[in-house]
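Below you'll find the structure, written out as structure tokens, and then a few comments.
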Amino acid sequence: MNKITEVVPFLAPVQILILSVIVIPSFYVVWLSLHASSFGQSATFVGLQNYIKVLTDPAFLLALGNTVLIVIFAVHLELALGLGMALLFASGLPCRRVLLVAVLAPYAVSEVIAVAMWRFLFDPDVGPVTAMLTWLGLPMLDWSFEPSHALIMIGLLTIWLHLPFTFIILYAARLAIPKDLYEAARIDGATPFDAFRRVTMPLLGPAIAVALLFRYIFAFRIFSEVWLMTQGGPARSTEVVAVYLYQEAFSFNAFGTAAATAWIMVLASLLLATGYVFLLRKQVAGNAH
Amino acid sequence: MRTDKLAIGLGKTVAVAVILAWSLFPIAFIVMSSFKPGQDIFAVPPKFVFSPTVQHYVELWTGWGVFFTGLLNSTIITAGATIIAITTSTAAGYVYSRYSSRMLNASVMFLIIVRLIPPIVVTLPLFPIINAIGLNDTHIVLMVLYATFFVSLGTVLMRTFIDQIPRELDEAAQIDGAGRLTILRRVIVPLAAPGILAVAVFVVVFAWNEFLFAFIFTATKAKTAPLVISEMIGSIDGVDWGVLFAASTVQLIPVLLFVIFMNRYLVAGLTAGATKG
């Protein structure tokens, strides 16, 4: 017991930062979400009205739909690409370290600059990628007018920015699989495809689950890419949940509904997190054997 | 058999070429275009041979002084956030590594759960509070916000790295009469340097590039470089692509070199961060 009080000064800075910047404000958001309030007005208690208002607002439902679309489209495509790349790297490549660093490069790029790149590359008038698509006889992405095209752009951009993360998680997990297992599989007469199905996939399972959950959680809060690309427009058609929240709070001064949106986001993340923690526990237990 | 091997080799080469193009082409394109004279930027197909010019950098320097203030702000904020995050997470990671109790274990779980709260959530209550205490548009707000959103990952990472340092070293130092703070500074910190660097990579990259908090909590004095670049993108009288590419290059190159040089620590941090919490 004595020991614990002695180590408190070492823990206090981290805990104070987290409590004062994240935890207490988050609970205050709960209070906000149960009240109707705006700048300079005193709040009145309204129960769950804000939540009902948000959940029945067509703009929110559209934003939620867009978010889910981006999450499902981007995260799974990203996982498939990351997995393919991890297996390619593990199969033996020359200058692996150099290639690895090249693949990591987008990790260093700010969302702001990534959006600048994408807006130029896919510019309907002067963009080189647009020119190439036209040259190949493919339709161009008319992202500033066509909401579905804008969402595809945002999805591609998100994949570009986060692929290094997914790739590294899967690659590290693949390298951790002992070579003996593949040797044994080969001796037993397994084809490379059998080895992939019976050795690689089951052993990569936990890493895939971790990468997926992390990316679900982080893709769900996507803001900057969308805001910088379209500001949610045209006519709020490309908003995502975080952009909806921002608009409610900072454009319409509707703090009550913004707070309700925030808690819907937190609850969605926690729900995903429960799955994550569960997997983590299982993995920790697995490591102990 | 030989044609098989050839086909596999060819397939791999193509795959690697596609991966390299995907990862590097957009970055190379920005850097290259920033040196292209005026109309060459818009040439179709893109010009890869051109007479390089620093004209856009001169325009950036003369027309966008605010960008260089932004870079300075970004530097100060990144340095501050990194120092706060590293010192606090190392201290906490040390305790979590060396001591164990029901309460400590519960608070690690708490750290992991906190990571799942989206940053935009806390802007709602913090915005009026920060305004009320007169801290909006200051460096310190962004330093603290950036550091806080990484201390939970930082602490868990530091615990993982410190776990690998033999306890016997602590005990030997303790017998020599060293206190906890001395052990942390003289024994743990030097040996946990790779962990500290891994945490530093995360915080530096995040703080240098972050948009949302900077957008909400700064206006003029503490405006960061990404925010100035976002204003260039949203410029009403049309985007001046040459200047935008020049500014993007200046913002990007330092952090890109940093990631390249620190790639080992980044990989170690990502791996440990994802599997250990």
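The values are calculated or read from the model by the stated rules, or taken from the named source; none is laboratory data. Owing to the predicted nature of the structure, the values given are computational and were not obtained by experimental measurement. Positions of Cβ are backbone-derived with ideal geometry, glycine not excepted, and every protein chain shown enters the neighbour counts.
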If I go through the stretch A:8-64 residue by residue, how many of them are assigned to a helix (DSSP H, G or I), among the aliphatic types (A, V, I, L, M) and free of Cβ contacts under 8 Å to residues at least 40 places away in the same chain? 14
As an exercise: evaluate B:F127 against (1) farther than 21 Å from B:R180 by Cα; (2) more than 7 Å from chain A (Cβ to nearest Cβ); (3) at pLDDT below 90 and give the number of the one condition it does not meet. (3)
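Okay, residues lined up against (1) surrounded by 16 or more Cβ atoms within 10 Å (Cβ to Cβ); (2) touching a Lys or Arg at 6+ places or on another chain (Cβ under 9 Å):
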| residue | (1), (2) |
| --- | --- |
| A:L175 | no, no |
| A:A185 | yes, yes |
| A:F193 | no, no |
| A:V199 | yes, no |
Members of the stretch B:77-110 found to be at the interface with another protein chain (Cβ under 7 Å from one of its Cβ atoms) and crowded, with 22+ Cβ neighbours inside 10 Å, listed by number: B:T88, B:S89, B:A91, B:A92, B:Y94, B:V95
Does A:F223 satisfy the condition of being out of contact with any strand residue (DSSP E or B) (no Cβ under 9 Å at 6 or more places or on another chain), at pLDDT 95 or above and under 26 Å from A:G82 (Cα atoms)? yes
Can we say A:A184 is on the phi < 0 side of the Ramachandran plot, without any contact (Cβ under 8 Å) to a residue 12 or more places away in the chain and either charged (D, E, K, R) or assigned to a helix (DSSP H, G or I) (or both)? yes
Among the residues of the stretch A:77-99, which ones are without any contact (Cβ under 8 Å) to a residue 40 or more places away in the chain and part of a helix (DSSP H, G or I)? A:A80, A:G84, A:L88, A:R96, A:R97, A:V98, A:L99
Looking at the stretch B:101-116, I want the residues that are among the aliphatic types (A, V, I, L, M) and have a partner that is exposed (fewer than 14 other Cβ atoms within 10 Å of the Cβ) with Cβ atoms under 8 Å, at least 6 apart or on another chain. Which pairs are those? B:M103/A:I4; B:L104/A:I4
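Residues checked against (1) facing chain B (nearest Cβ under 7 Å); (2) at pLDDT 90 or above; (3) part of a helix (DSSP H, G or I); (4) within 15 Å of A:R215 (Cβ to Cβ):
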position	(1), (2), (3), (4)
A:V103	yes, yes, yes, no
A:V112	yes, yes, yes, no
A:M117	yes, yes, yes, no
A:D123	no, no, no, no
A:V126	yes, no, no, no
A:T134	no, no, yes, no
A:G137	no, no, no, no
A:M140	no, no, no, no
A:T166	no, yes, yes, yes
Counting only residues that are crowded, with 18+ Cβ neighbours inside 10 Å, give me the helices (runs of 4 or more DSSP H) lying completely in the stretch B:173-277 with at least 3 of them. B:193-209, B:212-217, B:225-233, B:241-261, B:263-275
